[in-house]
């Protein structure tokens, strides 16, 4: 009999979203256990640099900002792929979340009254901060926004917010079991009651049983190989959901490529570089972005800037290097003081990893896989489709405030906002649920995992797991990147269908007892291959261009056929994935032009009201559980008109 | 052809019966801008699939990959092999519990320290979602950020003479953590609270001032200044206590 640990709430993942949700439950007196692959402060949230968007409007360049303008930017940024009500819940709560984090202890940068010099659209400009706002949380500029709205602590925002959040976890005495990896959810048909977990300390397999289970494991960027993501971001959490066969992963084809990954190493330098006045230059050291995007220039949304960079390189304007083609990020004019204070992490990264001094030299950058807009589909309460008692939040989820492109500063903010909002629903769920400590059910699930491990360790002959990983990432990198074509996506899909079969024959060479790193990786490879296929096949199916999903053969955004969200399930592990589609959600802002990016749209043929009338029913048919409040209740009708 | 590098790596699997600590030797050809992160992954993928080590962000931000590289505690991810001789020796950080090979348990130690120093804002003020945030001047925010930059990699403890002999010594990371709250106006702990917490042999007066922590800190935290500040503050509180006592007599 394996060890069984019981708790009210089981949170898988100890980044910002998971910890904030855990705090919400612990504050209600519930018993919470957080599982994490790594010590919580090592979570990838700590690597976020630039900041969090919230419409506090304290900086003079954010004057007049409000939650409606933030919401508008977010919906346009999403290329109308977002659930507008969820975007509204987010924008409305973001200022509260920032203030709460200040109360918890985050040392947000503050407004200093009086004049200061900044760079706006390549020009040195003096702005005068309001003395009346002195000492309130300030903000910097980020892409795709009408106002300066991104709250920050230098360029270590994720670090300070995560440390502060983890301090709260310690203060509340919340149990954290680190170096633990959830392998599979334990569920009774469509009710989740816990997870099978493997210890990365000694390899023990045990069961956790809970009233409410929460997945907050972040993104899957490492499936792409070349990614800004931490090495632990291998899609382990979304794989848990996919394995149930009933919980869909949504919009997996919506993948963000960040304009400024450094070359080589793919480490991110923050959008704050461009927000603070950094410029993109080509091989001739010519500033090309104003030619493509006269209005937003370097600060269009990430999908647009990445596309323009790629487009410019395809015109032969890239810089050739032994590590492939790249462009330049010019930060020199910002000066030593700025680079050694507000962009200090960026300065360190450039100096240590590529030996480039950004005070004097240009920084080599290229668009790099960065963020997954898609993920585990949940309703507005964070409750997963088709699975009672299972919640997901943060990057691993598709809540869905980002649609087909998320704005910089919106995902880090999402972690704490969803942690607050969804966290409350998680606590409510746990309070009204009885613990089902069905030990024999747990044992069945545990045995299946033990058999899988035995199979991996004992197979006489088979594939090398690391080589398979490279084959998977090569297909995604080559064919499912910034620009996509039907032909390339066919190749990727066929190749990945084959790889999904081949990962069944992995042979683990190391028989070492304990955590056995090769075995640990082999246990993840099926999930990586299957999710890669969902990304490629989802992209192949979607015959339009929307946000970060850009098809050469279907360049227009098609609101007639594709104003919807992809839902992919995998009912039979040996079979094929199933793709379905649902409406994006209730529309308030009618689909239109984003004001940047230059794409064409095929306009809806039905009215917004007609579209909205079928949302609730169609989503329900796809397994959406009823939210606590009716659909659309948090979306004030046409409030945006007041801002026009 | 790049240089032929020799990696001498400490090995020990505590979960394997009869395993004995040893050094394994691996050869690897150096490629341009090779760092210890990439090197260790190549060795694991091609030569030693059971080799244990920890990386997360691989960008010098998360603090996972502290290890002894040619005798010096540092972050492996941002150590370039080109800065090292042909032979590179890798040991796990001392002081922390060894989990296996190069992997040590920093997480549990830092959680315990966070509990000991009560690493959170002590305040009676309740959060009110409807009111404006409490104001803070930006210079103070920057000072707190400077202290908050510690990534808890553990290099300071691995390099610390006191930590090797005084088991409950807070070390530079622990003391810096306290320093971060001392300068935070939101924290309502008073001088008496700080004095009790820091003025002990496991606190600031355990430090014998060799300052290896300051030498090895990968984030260049101003540990010298932090210690000087805390010492002065504690001395001042100590003297005022003495005066009070004398006055009472």
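The values are calculated or read from the model by the stated rules, or taken from the named source; none is laboratory data. Everything numeric here is computed off the predicted structure, so don't read it as measured data. Neighbour counts are summed over all protein chains in view; Cβ atoms, including those assigned to glycine, are modelled from backbone coordinates with ideal geometry.
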Quiz item: Name the helices (runs of 4 or more DSSP H) wholly within the stretch A:290-393 that hold at least 2 residues that are within 14 Å of chain B (Cβ to nearest Cβ) and in contact (Cβ under 8 Å) with a residue 60 or more places away in the chain?
Solution: A:335-341, A:344-354
Self-check item: So residue B:70, is it at the interface with chain A (Cβ under 8 Å from one of its Cβ atoms), within 26 Å of the chain's Cα centre (by Cα) and either more than 16 Å from residue B:218 (Cα to Cα) or in contact (Cβ under 8 Å) with a residue 12 or more places away in the chain (or both)
Solution: no
Quiz prompt | Where a residue in the stretch B:101-112 is without any contact (Cβ under 8 Å) to a residue 24 or more places away in the chain and its partner, wherever it lies, is in a strand (DSSP E or B), with Cβ under 6 Å and at least six apart | solution = B:105/B:97; B:105/B:99; B:107/A:178
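Give the residues of the stretch A:601-626 that are assigned to a helix (DSSP H, G or I) and farther than 16 Å from residue A:591 by Cβ, sorted by residue number.
Pass one, the stretch A:601-626, residues assigned to a helix (DSSP H, G or I): A:608-613, A:615-621.
Passing the criteria: A:613, A:616, A:617, A:618, A:619, A:620, A:621.
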Quiz item: Only one residue in A:117, A:134 is under 30 Å from residue A:595 (Cβ atoms) and surrounded by fewer than 24 Cβ atoms within 10 Å (Cβ to Cβ). Which one?
Solution: A:117
Quiz item: Among B:144, B:121, B:151, which is the only one that is within 12 Å of chain A (Cβ to nearest Cβ) and not in a loop (DSSP other than H, G, I, E, B)?
Solution: B:144
Quiz item: Would a scan of the stretch A:151-167 turn up a residue that is loosely packed, with under 15 Cβ neighbours inside 10 Å and touching a strand residue (DSSP E or B) at 6+ places or on another chain (Cβ under 9 Å)?
Solution: no
Practice problem: Take the stretch A:172-230 and flag every residue that is outside any strand (DSSP E or B) and within 17 Å of residue A:23 (Cβ to Cβ). | Solution: A:172, A:173, A:174, A:216
Quiz item: In the stretch B:161-184, what residues are over 15 Å from the mean Cα position of the chain (by Cα) and outside any helix (DSSP H, G or I)?
Solution: B:166, B:167, B:183, B:184
Quiz prompt | Residue list for the stretch B:193-249, filter: outside any loop (DSSP other than H, G, I, E, B) and touching a strand residue (DSSP E or B) at 6+ places or on another chain (Cβ under 7 Å) | solution = B:216
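Got a sec? Which of A:444, A:425 is more than 11 Å from the chain's Cα centre (by Cα), in contact (Cβ under 8 Å) with a residue 24 or more places away in the chain and over 30 Å from residue A:146 (Cα atoms)? Don't jump to the end; show me each part of the working.
Details: A:444 fails: in contact (Cβ under 8 Å) with a residue 24 or more places away in the chain.
Result of the check over A:444, A:425: A:425.
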Self-check item: Test: residue in the stretch A:617-627 that is modelled with pLDDT under 95 and in contact with a strand residue (DSSP E or B) (Cβ under 9 Å, 6 or more places away or on another chain)
Solution: no
Quiz item: Of the residues A:465, A:480, A:446, which single one is buried (at least 19 other Cβ atoms within 10 Å of the Cβ) and out of contact with any helix residue (DSSP H, G or I) (no Cβ under 7 Å at 6 or more places or on another chain)?
Solution: A:446
Quiz prompt | Checklist (1) part of a helix (DSSP H, G or I); (2) within 14 Å of chain B (Cβ to nearest Cβ); (3) touching a strand residue (DSSP E or B) at 6+ places or on another chain (Cβ under 6 Å) applied to residue A:519, failing item | solution = (3)
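Would a scan of the stretch A:253-261 turn up a residue that is away from chain B (no Cβ under 14 Å), surrounded by fewer than 24 Cβ atoms within 10 Å (Cβ to Cβ), assigned to a strand (DSSP E or B) and modelled with pLDDT of 95 or more?
Checked against the condition, which is being away from chain B (no Cβ under 14 Å), surrounded by fewer than 24 Cβ atoms within 10 Å (Cβ to Cβ), assigned to a strand (DSSP E or B) and modelled with pLDDT of 95 or more, the stretch A:253-261 yields no hits at all.
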Quiz item: What are the residues in the stretch A:160-175 that are over 17 Å from residue A:28 (Cα atoms) and within 7 Å of chain B (Cβ to nearest Cβ), if any?
Solution: A:160, A:163, A:167
Exercise. Exactly one condition in (1) more than 30 Å from residue A:376 (Cβ to Cβ); (2) at pLDDT below 95 is not met by residue A:265; state its number.
Key: (1)
Quiz item: Can you tell which of A:241, A:182, A:230, A:216 is touching a residue at least 60 places away in the same chain (Cβ under 8 Å) and within 12 Å of chain B (Cβ to nearest Cβ)?
Solution: A:230
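Yes/no matrix, rows are residues, columns are (1) surrounded by fewer than 12 Cβ atoms within 10 Å (Cβ to Cβ); (2) free of Cβ contacts under 8 Å to residues at least 24 places away in the same chain:
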position: A:575; (1), (2): yes, yes
position: A:579; (1), (2): no, no
position: A:589; (1), (2): no, no
position: A:604; (1), (2): no, no
position: A:608; (1), (2): no, yes
position: A:613; (1), (2): no, yes
position: A:619; (1), (2): no, no
position: A:632; (1), (2): no, no
position: A:641; (1), (2): yes, yes
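Okay, residues lined up against (1) under 16 Å from residue A:597 (Cα atoms); (2) out of contact with any helix residue (DSSP H, G or I) (no Cβ under 7 Å at 6 or more places or on another chain); (3) modelled with pLDDT under 95:
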site: A:279; (1), (2), (3): no, no, no
site: A:298; (1), (2), (3): yes, no, no
site: A:306; (1), (2), (3): yes, yes, no
site: A:332; (1), (2), (3): no, yes, no
site: A:335; (1), (2), (3): no, yes, no
site: A:348; (1), (2), (3): no, yes, no
Quiz item: Can you name the residue in the stretch B:45-66 that is within 7 Å of chain A (Cβ to nearest Cβ) and free of Cβ contacts under 8 Å to residues at least 12 places away in the same chain and, of all such residues, is surrounded by the fewest Cβ atoms within 10 Å (Cβ to Cβ)?
Solution: B:45
Quiz item: Restricting the stretch B:99-118 to residues that are buried (at least 17 other Cβ atoms within 10 Å of the Cβ) and farther than 30 Å from residue B:51 by Cα, which is nearest to the other protein chains (Cβ to nearest Cβ)?
Solution: B:114
Exercise. State all residues of the stretch B:148-161 that are more than 20 Å from residue A:138 (Cα to Cα) and in contact with a helix residue (DSSP H, G or I) (Cβ under 6 Å, 6 or more places away or on another chain); if no residue qualifies, say none.
Key: B:150, B:152, B:154, B:155, B:156, B:157, B:159, B:160
